[in-house]
Amino acid sequence: MEKTFTKPILKKAKAGWYIEFYAFNSLTKKVQQVRKKSNLNRIKDIKEREYEASVLVIAYHNQLKAGWSPFDEEANEELRKNTISITIEEAKELFEQHHRDIGTKKKSIQTYASKINYLIQCYPNTKVNKIESKDLNLFFKNVVKVWKDKTGKVIKVDWSDSTYRACKRALTNFFNYLVKEKYITSTPMVQLDKISLTKESEKTHTVFTDEHFEELRNRMLKYDKYAYFFSTFMLNTCARPKEIRLLQLKYIDLDNKKLLIPKHIGKNKKDRLLDIEPQLLSALKALEIEKYPPTYYLTGSTTNIIGSTPVGENTPYNRVINLMKGVKIDKEDKNKKFEDLTAFGYDLYSFKHTSVVRRYTKAKWRTENIMKMCGHSSPSITEIYLKDLGVYIDNTLLEIPEF
């Protein structure tokens, strides 16, 4: 087949960047110039714009090689349905670009891509219109996460339920996009077998037993003051790790014993005003936060607690997990053996969940109080949340009015 297009290239004009190529227009019977901006110029960071542009160049080139025409959508539809199609890998590039164009969060795009990569590993160089439900059933029954350790050795780890569900969500989104763009006529994400993969040891966010809670807090107090403060803040506020990591000093009012979780860092995009409880108030006063600029971050330094910039996204989690496993501790107490607490399903979120359960069962908090603290949208959501944590909500003792 004669080549009917030129390779797309990036052009950096003063009026804006764009991808340029020439292609044959079957309607006019002429070769015509095509320019595609695809929201490139909305990206302010030059390095990021360069990266997005390189992705666009590859995506357009792949489409052109597959027979796509920038002029004849009717012909494209027929092509997608019956002839060329595209590979899963090529479709992934288009899917990622689509989400960048509509403003999907970078982390969400990375999550989608990582799950599609598993499918690519299972069915390399396979056209998307050749994937059927039976193929996906086979995929989900045999999926494993493949990674390499520091020596390069390949290690396989069975998926947990949460990873399985995340993959199903990502692939559902992916194939729905391909249906919408007419690369396939229907989604293969139907008639899939129900699979439960969780083993007892794979449970996460487990609520601490009193014994394990005291053991871990003692480890933190002795070996990692940053992890101790971070977990203390979570216990006293039920804030999420991201909310704690990005909280600036200007949102803390020690005089009135209040702190604000602003909507731009909160999960539900709503401001959340919380009381500063006595234990947390004491810890905050010890930091002497009034000596720092209000734009500093409360947990921005692993050595000083307060810092000028946020710590890395995984920093608090990794420090807590290391303490649970005894990784850092072993370097100082070589002769002492520490129990690996992660084997019980504990992780960073266990502090939040433990706090919620203790408030409800021991301090007799009402669901509406927990709802406010956790930022839930309704009491019913809080009740579901409590039940998921293994808390029995007893409505039998509620007072019944006289009629």
- Taking the mean number of other Cβ atoms within 10 Å as a proxy for protection, how do you rank 377-383, 135-141, 59-65 from highest to lowest? 59-65, 135-141, 377-383
- Hey, can you grab everything whose amide H is under 5 Å from the amide H of Asn25? Only 5+ residues off in sequence or another chain; H modelled, so Pro and N-termini drop out. Lys30, Val31, Gln32
- Task: Show the residues, 5+ positions off or on another chain, whose built amide H is closer than 5 Å to the amide H of Ser301.
- Result: Ile306, Gly307
- Query: Glu290: net charge of surrounding residues, Cβ under 12 Å, Lys/Arg +1, Asp/Glu -1, itself excluded?
  - Reply: 0
- Item | Surface/4 estimate of mean projected area, convex hull on alpha-carbon atoms of segment 174-324, nm² | 13.4 nm²
- Could you work out Rg/(2.2 N^0.38 Å) for segment 235-280, with Rg from alpha carbons only? 1.06
- Answer with one residue from Asn314, Thr303, Leu254: the one whose Cα lies farthest towards the positive end of the charge dipole of segment 240-334, charges on Cβ with Lys, Arg +1 and Asp, Glu -1. Asn314
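Read-outs throughout are calculated quantities, based only on the coordinates presented, and are distinct from any laboratory measurement. Bear in mind that the values here come from a model prediction, so they are computed numbers and not experimental data. With ideal geometry, Cβ positions are generated from the backbone for all residues, glycine too; neighbour counts draw on all protein chains shown.
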